[in-house]
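In what follows, a structure is listed as structure tokens, so that the remarks can point back to it.
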Amino acid sequence: MAEKGSSIPGPRPSRIIGNLKQICPKAHITWTEWCQRYGPVCRVNLGPMGDSILLGNIDVLRRAFEESPEIFSGRFVLPIVKKDGAVGTMTWENDAVYDQRRQLLSTVMKQVDLDKLAQNEAIAVCDVLSEKGDTSSDLVYRLIEEANLSMISTFCFRREQRCPYDDPKFKELKNRVTKMNHKLKNLMGEKANLFPVLWAPFYKDFRKKRKNLRCLVSKELDAHKENLDSSNIRDLIDGYLGKADGIEFPENDCPWHIMNLMGSTITLKNAIQWIILLITKHPEIQTKVQEEVSSVFVDRAPTTDDVDKLPYTNATIYETLRIACPAAQVVPHMTQKDVNFDGFDVKSGTVVFGNIWGLHHDKNHWEEPEKFNPDRFLDSNGQLDIDKESFVPFGLGKRRCPGETYAKKAMFMFVTNIYQRYGFEAVDGETLPDVDEGVINVGLHNPPPYKLKIVPRN
Ligand code: HEM
């Protein structure tokens, strides 16, 4: 711990832009180096937004997010989000309204059949793969994207009916979500976000795209009103209209909440894309996964009831979350009170970053952290053991990912269904990308696009 009152160590900032230039494009790598050089509590200057702190090991992250949630669980609302009104978005809300919105989401998640949701989509992906054979080599990558959107739209507003990927309604939704996310990425991922004077050209277009999506969601809201049964909540819109668990929010907030969730589930899409990429890069691991899946699901489709019977497959999923780290950083937090943390004085309103990537590659906790090795998540009896000190793919504390249970089910269903029927190989003459070729986008670590050859199993 530093001597009380000492100033927080960190890289020397430049005038006006502070440390912003040094951070991009791969903040998670730079931050890991800074935390090694300056210590696990490190100062990063965000130019016009002043000093922030970066937390870089499991000990400080736990003490901040788990042990002092009243101080460290505030959300830093990006200026662009604030300008737009953060209402209905949960991720960008604080205080009581945040707690209630989160409770509402959790209630709806308990009522919706998440197993079935994931199972239907995993089967749909496999069916499309079998229709197309191995002709379209980037099909897998695209299908996972579509499956993810289909799952979240079923959860939000399609009640129990999923929409086929080639349905015009689904295509329209995909088109609008993709356009909006693209604009959002430009706005939030860029340093322009920290210099409000630069917003104007991006912002106008973003609003237009978002309005398009909102119109579509509003139509779904109207359709739901016609046959609402508040004793049977089947999706998020039902939850809003039917006041699930007695929690009441204006229905006007619902489209924002849905748009926020559609953005949040990109992490799940990334995770599944990473899993398939990394398994394909390691054929011996693919064989082990396929054999385990086939030994448990001999003549039936996978279900989540048997999740405990597939330790190796699960270990492969968790090792992917560790090494590829789809959420490389937590969504920025903000202190809600002045505090002395680790000997440093930190003011209320300070932005706090948590570098999950650094934790998952910390040599003090992981042997050969750069090696993809699912065995590290198995105990000496070959059983799954994910209770690892420096492993927090879903974050920790009050802001921990609310989609964790759902994401785990979905990853399991996708991997088991797909590897029961298929394997993959690199396309002849092409090299599959490595983890360090991942692309950072608004704190998320996306795999670069890749192509695979689909190999049906006998
Ligand atoms: C493998 C998939 C996923 C991973 C690794 C992941 C990881 C994370 C992480 C690290 C955070 C930040 C926690 C923090 O700021 O302290 C987060 C937040 C969040 N995630 Fe996920 N997530 C995944 C999937 C999902 C899904 C499927 C959903 C939606 C159903 C979702 C919804 C959210 C929301 C709404 C937040 C903001 C929570 C808040 O502000 O309190 N995530 N996630």
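The values are calculated or read from the model by the stated rules, or taken from the named source; none is laboratory data. Values in this document were obtained by computation on a predicted structure and should not be read as measured data. Please note: Cβ atoms are built from the backbone with ideal geometry, for glycine as well, and neighbour counts cover all protein chains shown. Heads up: the accessible areas ignore ligands, DNA and RNA and are worked out on the full protein's heavy atoms, side chains in. Shrake-Rupley method; radii C 1.70, N 1.55, O 1.52, S 1.80 Å.
Here is how the numbers come out for the structure above:
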| item | result |
| --- | --- |
| Test for GLY423: is it away from the ligand (no atom under 16 Å from the Cβ), open to solvent by less than 60 Å² (accessible area, probe 1.4 Å) and of a type in the set (Gly, Ala, Ser) | yes |
| Among (1) within 16 Å of the ligand (Cβ to nearest atom); (2) in contact with a helix residue (DSSP H, G or I) (Cβ under 7 Å, 6 or more places away or on another chain) - the single one LEU378 does not satisfy | (1) |
| Criterion: surrounded by fewer than 19 Cβ atoms within 10 Å (Cβ to Cβ) and free of Cβ contacts under 8 Å to residues at least 24 places away in the same chain - qualifying residue of ASP245, ASP222, ASP253 | ASP222 |
| Yes/no for LYS453 being among the basic types (Lys, Arg), in contact with a strand residue (DSSP E or B) (Cβ under 7 Å, 6 or more places away or on another chain) and open to solvent by 30 Å² or more (accessible area, probe 1.4 Å) | yes |
| Checklist (1) modelled with pLDDT under 95; (2) open to solvent by 20 Å² or more (accessible area, probe 1.4 Å); (3) assigned to a helix (DSSP H, G or I) applied to GLU284, failing item | (1) |
| Filter result (in contact with a helix residue (DSSP H, G or I) (Cβ under 9 Å, 6 or more places away or on another chain) and aliphatic (A, V, I, L, M)) within region 62-90 | ALA64, ILE71, LEU78, ILE80, VAL81, ALA86, VAL87, MET90 |
| Of residues in region 367-384 being within 23 Å of the chain's Cα centre (by Cα) and over 14 Å from THR316 (Cβ atoms), the one least open to solvent (accessible area, probe 1.4 Å) | PRO369 |
| Residue within region 91-111 that is open to solvent by 30 Å² or more (accessible area, probe 1.4 Å), under 29 Å from SER73 (Cβ atoms) and touching a helix residue (DSSP H, G or I) at 6+ places or on another chain (Cβ under 6 Å) present | yes |
| Lone unmet requirement of (1) at pLDDT 90 or above; (2) more than 26 Å from the chain's Cα centre (by Cα) for ASN227 | (1) |
| Residues satisfying the stated conditions in region 315-334, i.e. farther than 16 Å from THR280 by Cα, touching a Leu at 6+ places or on another chain (Cβ under 8 Å), open to solvent by less than 20 Å² (accessible area, probe 1.4 Å) and of a type outside the set (A, V, I, L, M) | PRO326 |
| Candidates PRO326, PRO302, filtered to the one that is under 30 Å from ILE454 (Cβ atoms), touching a Ser or Thr at 6+ places or on another chain (Cβ under 9 Å), within 11 Å of the ligand (Cβ to nearest atom) and in contact (Cβ under 8 Å) with a residue 60 or more places away in the chain | PRO326 |
| Failed item, numbered, when ALA315 is tested on (1) of a type in the set (Gly, Ala, Ser); (2) more than 16 Å from the ligand (Cβ to nearest atom); (3) in a helix (DSSP H, G or I) | (2) |
| Residue, farthest from LEU278 (Cα to Cα), within region 404-420, restricted to residues that are crowded, with 19+ Cβ neighbours inside 10 Å and near the ligand (Cβ under 9 Å from one of its atoms) | TYR406 |
